[in-house]
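See structure below.
Read-outs throughout are calculated quantities, based only on the coordinates presented, and are distinct from any laboratory measurement. A quick note: this is a predicted structure, and the numbers were derived from the prediction, not measured. Here the Cβ is made from the backbone with ideal geometry for all residues, glycine too, and neighbour counts use every protein chain on show.
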Amino acid sequence: MRRLLFFLTTVLLLVGCSDVSQAQQTDTAIHQTQRIIPPPPVVPPPPEPKSEEIFRAVQYMPQFPGCVEKGRLAALTDCTQSKLTEFIYSHLVYPPQAKANSIEGICVVQFVVEPDGSISTVELLRDIGYGCGEAAVRAVSEMRRQHLKWTAGTDHGDEVHVRLVMPVKFDLSKQTE
């Protein structure tokens, strides 16, 4: 009986060893035929693009040329409003058709002060007709034609695009012609 037991154990060991040997040969063949591909290198994310958002209100609003040295924020705002109004009305031409029809009222124009201080995107928001809207847009666009450079608006230390809205009043009683 011992011999039989010894014989069976030996056979099982030989069969088991041949299975392990075949498994090792199979694993070796798989590794030789398949290349291990390393993971791709880690690429840092691209930098965030500069914001092209157009703001209506920022920490420091744009300042009309010549108003920067005024000091206090309230003085800067008053200076910008008065100089901008003065500039617009000095370049505003009352349309003859509006004069002939006694047209008065308010047109509203908006424009963007760019981070470099230039003016862009002049648009008419409200028109009273008879050429008044076009005259208001021409008067505001004169800042761009004269290459006036505003002090850009800033928000959290960054110069940003700021949209400003300007009412332009057409009043026949204030016309000199």
Scope the range 132-177; condition among the basic types (Lys, Arg) and either outside any loop (DSSP other than H, G, I, E, B) or in contact with a Cys (Cβ under 9 Å, 6 or more places away or on another chain) (or both); matching residues: Arg138, Arg144, Arg145, Arg163, Lys169, Lys174
Evaluation of Gly131 against (1) on the phi < 0 side of the Ramachandran plot; (2) of a type outside the set (Ser, Thr, Tyr); (3) touching a residue at least 24 places away in the same chain (Cβ under 8 Å) (one fails), failing number: (1)
Qualifying positions in the range 115-125 - of a type outside the set (Ser, Thr, Tyr) and either at positive phi or buried (at least 20 other Cβ atoms within 10 Å of the Cβ) (or both): Gly117, Ile119
Enumeration of residues in the range 93-109 that are buried (at least 18 other Cβ atoms within 10 Å of the Cβ), within 17 Å of Met166 (Cα to Cα) and free of Cβ contacts under 8 Å to residues at least 60 places away in the same chain: Val109
Looking only at the range 52-100, and only at residues there that are more than 26 Å from Phe170 (Cα to Cα) and β-branched (Val, Ile, Thr), the one that is farthest from the chain's Cα centre (by Cα): Val68
Single unsatisfied condition, Cys107 versus (1) touching an Asp or Glu at 6+ places or on another chain (Cβ under 7 Å); (2) assigned to a loop (DSSP other than H, G, I, E, B); (3) closer than 18 Å to Asp171 by Cβ: (2)
Qualifying positions in the range 127-177 - small (Gly, Ala, Ser) and within 27 Å of Lys99 (Cα to Cα): Gly129, Gly131, Gly133, Ala135, Ala136, Ala139, Ser141, Ser173
Selection from the range 113-131 of residues that are assigned to a strand (DSSP E or B) and among the charged types (D, E, K, R): Glu123, Arg126
Subset of the range 126-171 (residues that are surrounded by fewer than 13 Cβ atoms within 10 Å (Cβ to Cβ) and over 16 Å from the mean Cα position of the chain (by Cα)): Arg145, Gln146, His147, Val165, Asp171
